């Protein structure tokens, strides 16, 4: 409490100092941030994107000295939040936390009302969600190979839940289906929790899920057949990756924060520095670990490059697997 | 640990001074948020969540849970007094609660709402404590086809929500269904009826819609009465429910509790659906259903019991399976996870202090809420003594602030005002708002579960008739739809 109020006094004093000394021309700019910042999240509260954004927001509040308020705008596989970001004043008081997949994967499969690589300026990439293929604990399939073999001998029998059409989890299963020429039924849900519920109720045979599956694996309700990272997950060292199993698929979803492009470079710089510092906050890192997320750090430029490189990779991949003929949205 | 020793242990955890403090704070905030229109529990808990990072997990969770069920108590207050639903789960309470207030019976309405909430919340907790595991297994049996069938059942009750023309009720329900389709397609994310307006991408918000149709429309109605000098003077007769009130409300409370407890465990169903179904059933079983919509106390007792019972039992899938059945509990799941605690089958074994502590705190919380709410009734009733020309502008002001506070978006105010005008015109012509709200709430679930089911069955409609729960719900709703026709035919043949 002492520390907090001391910080508050400092911020107020700093604010007063600024307002006294920078009277005139760039008053508003110099005082940034002078009111709470809204951080849009494209998914429902309680999911891993939402929780990690809340944790980072909490850490960055201390650096910026202003509250960072989370506003959930779920829908459209996360694109609704990005679209509404562009509808706000571009003054640095509205930002959006999003998985990179919503910028570089979803727009290729569906037409979205923005230019993903042109309209946004990345600020930070901060975490990677573990993705996995899970089945009921008492399901007959012990390995992914068993599951695929069953799908091949019974076309149309295997149903699977994902976190939405065009999500990374959907793409992973499509990759398997195309390579094996297996006919499986896709049932998209709105987010990982709904998809996991359908799996636990045996309404689908397997789920390609985001980190929401981890508690159920630990509790013995479900069994993890494969993960989708570049390397094996340290928490599930015994479980192979899709890459090891011979599928050309690596998770390209990184959690990050973006602002609309064209925001004043001074503010962008200030935000980049503030988020970089917040990403090292110990409490934030502990929360990421509790959420089973893998922390990483890309600055704005690195995240932008990551998006560009992966847009091309995903595009080539989607066309090669026959999912699309060309990207539904032009990137720039 | 069996249920009884578990409960005793839980109460011993909950009465620790710091936990008692958090129960009280949670219930107090919940009541406050419930009373204020617009600000809902999701927003409040999300805002408070980061502040609890430093607290001990049990304290944080006890407080956030208190907000959740506390809201169910407070939400009825503005519904009854000024026809502005404090929460979506209190929309139905407007129907008879506000009529009671106009007849000077606001006190009994508030009293029955508070007591019904206490009774139902406590019974729901007993259910949570004793039958958590079997009930959570039932909840999992509900996949897309079962939800579709259940929502069909909800739709077949729609005309019971109206007291005027059934045809007009159906028109309003269809309008609600169309309005619920506005926004991005829930499965393919294509734009529908958005006219390129970005604010419509997420669809029309249910809170501004309900506040407009009920609250703002009511203000317009009263403006007309005020300007024509044709105003009904409300005489406040008594403050607390009479013996007759209790007799009439008793079974409504029990039925509301049963319906709320059952629907509460279903992920996605929750308190809102429970209130609509409870009201519909109450009107169906009533000896003289024409009293409904004109200040029947059962019409307050039953939905207010249902939403509290549902709030209690919605903890069942949450605590035993780790599945949050609604958005509020999804945020609460976040509160658990940031503290490294995972709700699910292992919770009761790994963290008995937390599980039983939470259950114990909810028993205490329900008592705290009654103690908080009962003394407030005489105070709330005074609101009705405020002259109309001061009260109604104030109500409008609260609605404006409330609508804005949901997303800090002026667009929501616009939506509310437009639906205020729509609501006013509809009321002038005998069209009622409740069927519209119900189908607006059910519409998106109806659609997405229909499409998911057909994806699962690869286009075959048999999926709705080959699964036992879905089949049962379908037959039941078909029966409800056929019943009036059967009655009509019966009358005709007698007439011949």
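The values are calculated or read from the model by the stated rules, or taken from the named source; none is laboratory data. The shown structure was predicted, so the numbers you read here are calculated from the model rather than taken from an experiment. Glycine gets a Cβ as well: all are built from the backbone with ideal geometry, and neighbour counts include every protein chain shown.
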Only listed residue being crowded, with 24+ Cβ neighbours inside 10 Å and either within 14 Å of chain A (Cβ to nearest Cβ) or over 27 Å from residue A:197 (Cβ atoms) (or both), chosen from B:120, B:56, B:113, B:44: B:113
All positions within the stretch B:340-354 that are crowded, with 21+ Cβ neighbours inside 10 Å and facing chain A (nearest Cβ under 7 Å): B:342, B:344
Search result, residues across the stretch A:79-114 that are in contact with a helix residue (DSSP H, G or I) (Cβ under 9 Å, 6 or more places away or on another chain), over 30 Å from residue A:32 (Cα atoms) and surrounded by fewer than 22 Cβ atoms within 10 Å (Cβ to Cβ): A:110
Test: residue in the stretch B:481-492 that is surrounded by 12 or more Cβ atoms within 10 Å (Cβ to Cβ) and in contact with a helix residue (DSSP H, G or I) (Cβ under 8 Å, 6 or more places away or on another chain): yes
Index of the failed condition, residue A:121 passing every other in (1) more than 14 Å from every other protein chain (Cβ to nearest Cβ); (2) modelled with pLDDT of 95 or more; (3) within 22 Å of residue A:233 (Cβ to Cβ); (4) in contact with a helix residue (DSSP H, G or I) (Cβ under 9 Å, 6 or more places away or on another chain): (3)
The lone exception for residue A:261 - which of (1) in contact with a strand residue (DSSP E or B) (Cβ under 6 Å, 6 or more places away or on another chain); (2) under 29 Å from residue A:40 (Cα atoms); (3) buried (at least 18 other Cβ atoms within 10 Å of the Cβ) it fails: (3)
Residue that is farthest from residue A:125 (Cα to Cα) [pool: residues in the stretch A:285-332 that are free of Cβ contacts under 8 Å to residues at least 12 places away in the same chain and surrounded by 14 or more Cβ atoms within 10 Å (Cβ to Cβ)]: A:319
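Matching residues to (1) within 14 Å of another protein chain (Cβ to nearest Cβ); (2) touching a strand residue (DSSP E or B) at 6+ places or on another chain (Cβ under 8 Å); (3) assigned to a helix (DSSP H, G or I); (4) at pLDDT 90 or above:
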residue	(1), (2), (3), (4)
B:148	yes, no, yes, yes
B:160	no, no, yes, no
B:175	no, no, yes, yes
B:179	no, no, yes, yes
Residue check for residue A:286: closer than 21 Å to residue A:131 by Cα, within 14 Å of chain B (Cβ to nearest Cβ) and outside any loop (DSSP other than H, G, I, E, B): yes
Residue tally, condition out of contact with any helix residue (DSSP H, G or I) (no Cβ under 6 Å at 6 or more places or on another chain) and not in a loop (DSSP other than H, G, I, E, B), over the stretch B:401-426: 12
Test result for residue A:112, modelled with pLDDT under 85, within 13 Å of chain B (Cβ to nearest Cβ), more than 14 Å from the chain's Cα centre (by Cα) and closer than 20 Å to residue A:196 by Cβ: no
Answer from A:279, A:273 - the residue that is over 19 Å from residue A:103 (Cα atoms) and either within 14 Å of chain B (Cβ to nearest Cβ) or surrounded by fewer than 17 Cβ atoms within 10 Å (Cβ to Cβ) (or both): A:273
Unmet requirement for residue A:49, which otherwise passes all of (1) at the interface with another protein chain (Cβ under 7 Å from one of its Cβ atoms); (2) surrounded by 24 or more Cβ atoms within 10 Å (Cβ to Cβ): (1)
Hits in the stretch A:76-93 - residues which are in contact (Cβ under 8 Å) with a residue 60 or more places away in the chain and either assigned to a strand (DSSP E or B) or at the interface with chain B (Cβ under 7 Å from one of its Cβ atoms) (or both): A:77
Candidate set from the stretch B:324-339 (those that are in contact (Cβ under 8 Å) with a residue 60 or more places away in the chain and in a loop (DSSP other than H, G, I, E, B)); member that is nearest to the other protein chains (Cβ to nearest Cβ): B:339
The one condition in (1) under 25 Å from the mean Cα position of the chain (by Cα); (2) assigned to a helix (DSSP H, G or I) that residue B:431 fails to fulfil: (2)
Residue that is nearest to the chain's Cα centre (by Cα), among those in the stretch A:155-182 that are under 17 Å from residue A:141 (Cα atoms) and within 13 Å of another protein chain (Cβ to nearest Cβ): A:161
Those residues of the stretch A:241-254 which are touching a residue at least 40 places away in the same chain (Cβ under 8 Å) and buried (at least 17 other Cβ atoms within 10 Å of the Cβ), in sequence order: A:242, A:247, A:249, A:251, A:252, A:253, A:254
Any hit, the stretch B:464-476, residues being within 14 Å of chain A (Cβ to nearest Cβ), modelled with pLDDT of 90 or more, over 27 Å from residue B:92 (Cβ atoms) and part of a loop (DSSP other than H, G, I, E, B): yes
Which numbered condition residue B:313 fails, given (1) closer than 30 Å to residue B:100 by Cβ; (2) at pLDDT below 90: (2)
